[in-house]
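> Before I ask anything, here is the structure I am working with.
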Amino acid sequence: MSSTPGIGLEPVTTGFNATDATFTWNASYGQFLAWNTPGYTIDQFGASVSGPGKKLYWTFIDKPASVTEPVLITITAKDPKSGAVWGSSAVTLAWDGNYTVTVQNQG
């Protein structure tokens, strides 16, 4: 039994203050969750979510149709006033069986 609802993801920024940005997360499979204190309630967001640079979790419920197709997770940080992109990153998760993923590539 896991002590978290999924794989924790949190933006790490350089060159700008993360609290000043709006972040957009996208996943090619699965969904994002927030796991909030004090009651550790889980909020489900789906495969795309935008908001402040807070920690999110990625998870999935059903096994994928194909384990040969990796999961691509992207994050983009933007200036909330102008919409200018301040930075972006991606991570690729490879399937190891039907219910396990490993980090294949990040950058």
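Readers should treat all values here as calculations from the given coordinates under stated rules, not as data from a laboratory. Owing to the predicted nature of the structure, the values given are computational and were not obtained by experimental measurement. Cβ sites come from the backbone with ideal geometry, for glycine too, and all protein chains shown count toward neighbours.
> Around residue 35, with a cut-off of 14 angstrom between Cβ atoms, what is the net charge of the other residues, counting Lys and Arg +1 and Asp and Glu -1?
Charge balance near residue 35 sits at 0.
> Taking the Cα centre of the chain as origin, work out the dipole magnitude from +1 charges on Lys and Arg Cβ and -1 charges on Asp and Glu Cβ, in debye rounded to 20.
160 debye
> Toward the positive end of the charge dipole of the chain, about the Cα centre and with charges on Cβ (Lys, Arg +1; Asp, Glu -1), which of 32, 76, 6 goes farthest?
76
> A further question on this structure: Candidates (1) 9.3; (2) 7.5; (3) 8.8; which is the computed mean projected area of the Cα convex hull in nm²?
Looking at mean projected area of the Cα convex hull in nm² for this model, the match is (2).
> Spin-label point model (7 Å from Cα, Cβ direction): what's the residue 67 to residue 48 distance in nm?
3.0 nm
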